[in-house]
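The values are calculated or read from the model by the stated rules, or taken from the named source; none is laboratory data. What you are looking at is a predicted structure, and each value in this text was computed from that prediction instead of being measured. Glycine gets a Cβ as well: all are built from the backbone with ideal geometry, and neighbour counts include every protein chain shown. Remember, those area values only see protein heavy atoms, side chains included, never the ligands or the DNA or RNA. Shrake-Rupley method; radii C 1.70, N 1.55, O 1.52, S 1.80 Å.
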Amino acid sequence: MNDLTSVAETATRPEFGPEFAAALSDELEAMPLSGRVLRIAALGRAVFTTSLGLEDQVLTSLIAETGADMRIVTLDTGRLFGETEALISETETHYRLAIEVFKPWKEDVAGFVALYGLNGFYDSVEARHACCHARKLRPLGRALENAQIWVTGLRRGQSGNRARSPLAEWDADRSLLKVNPLADQTLSDLKTLASANKVPINPLHAKGYPSIGCEPCTRAIKPGEPERAGRWWWEQDERRECGLHLSASVSGSRAPAQPKATSPAS
């Protein structure tokens, strides 16, 4: 890219912020899902973070189908289910695309273990937030470097805490436009779409895991329980999140500082 092209792009690029996000949310509401994905990609440097769940797999299929220009990344915490790990390569092969994998730094994981123990996240909310910080939030920060737009698979029906998720919002903590193109979709709608389009799905969904995170922190839900009841099930706060989609002040996810990282955990 030459200097003149860079200047021209800067001049035509919209000024992102709360007002732009609100207007974009209204605009996306009237669009079909494929149109939403293309509109988002056209806005600038977009990064879609996938956890390989149903919502994210549907979004990946839409990105592949439309040829939308956005990076697809995933956070491999080092404690994912084997089924989730296998789905990464299966999805890449199925759609002939690349999923960038971001892992936690060894030093961050070692720092957590030194403070709390390998499975210390069971002992307190503080410890669990510290584990999520080392294994998820720190890698997320690297994944979103240089991004202008963060695309997620958030959906209002996933939990009470997400019930008001807009289609687009301004993430003031990260100074990013955050877009949730599936926010207004139902679980039933996405299952139908996935089935019709032969979208590769995590086999754990059929075993009672509608929401899948790290293996030690996820269980199958019981009949009648909310979709995310199996996540950090030992905690009592029904609003519980890992911190990826909450401000640091709300989630408490900014854990004690860890040693400076130099290499990813294997």
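Within region 25-46, residues that are closer than 22 Å to Thr74 by Cα have Cβ atoms under 6 Å from residues that are acidic (Asp, Glu) in these pairs: Ala41/Asp69, counting only partners at least 6 apart in sequence or on another chain. Of the residues making up region 55-78, those that are under 26 Å from Arg138 (Cβ atoms) and of a type outside the set (Ser, Thr, Tyr) are Glu55, Asp56, Gln57, Leu59, Ile63, Met70, Arg71, Ile72, Val73, Leu75, Asp76, Gly78. For region 55-72, taking the residues that are in contact (Cβ under 8 Å) with a residue 12 or more places away in the chain and open to solvent by 30 Å² or more (accessible area, probe 1.4 Å), the one that is nearest to Arg128 (Cα to Cα) is identified as Arg71. All conditions in (1) touching a Phe, Trp or Tyr at 6+ places or on another chain (Cβ under 7 Å); (2) crowded, with 22+ Cβ neighbours inside 10 Å; (3) over 22 Å from Gly213 (Cβ atoms) hold for Leu75, with the sole exception of (3).
Among the residues of region 83-97, those identified as open to solvent by 10 Å² or more (accessible area, probe 1.4 Å) and touching a residue at least 60 places away in the same chain (Cβ under 8 Å) are Glu83, Glu90, His94. In this structure, is Val7 at pLDDT below 95 and either assigned to a loop (DSSP other than H, G, I, E, B) or open to solvent by 50 Å² or more (accessible area, probe 1.4 Å) (or both)? In short, yes.
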